[in-house]
């Protein structure tokens with residue numbers, strides 16, 4: 001894992017934790033923290049890392065308020081959140 005990928009992973013976990021389980025973040029928020037002007041180039045990497053974190057059970061990926069298994073299956077915006085402590 002590259003330093004950039006490690007930073008993205010760390011930011012996803014930090015930002016979702018700061019929002020807690022009842023709030024979500026947009027993956028673009030993570031990308032913008034790293035590359036303010038050229039953030040769109042990071043979106044595929046941010047989504048891939050979100051997929052890894054979801055597969056490991058560390059975060060939840062949703063689209064239109066419904067949980068999805070992978071960002072790869074989503075067309076359009078997704079949201080990321082921490083795993084709910086109640087299941």
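Values quoted throughout were computed directly from the atomic coordinates according to the rules given, and no laboratory measurement underlies them. Keep in mind it's a predicted model, so treat the numbers as computed, not measured.
Before moving on, here are some points about what is shown:
- Only helical runs count toward this figure. For the chain, summing -39,500 (n - 2.57) over DSSP H runs of n ≥ 4 and dividing by all residues gives -14000 deg cm²/dmol at 222 nm.
- Mean Cα-pair separation over length for the chain, i.e. relative contact order, pairs under 8 Å, 6 or more apart, %: 33 percent
- Among 31, 74, 50, residue whose mean-square fluctuation peaks in a GNM of the chain (springs only between Cα atoms under 10 Å): 74
- GNM top mover of 59, 75, 49 - the chain, alpha-carbon springs below 10 Å: 75
- The Cα-based radius of gyration of the chain, divided by its Kirkwood radius, gives an Rg/Rh of 0.93.
- For the chain, built as a Gaussian network whose Cα springs stay under 10 Å, the top-fluctuating residue of 69, 38, 48: 38
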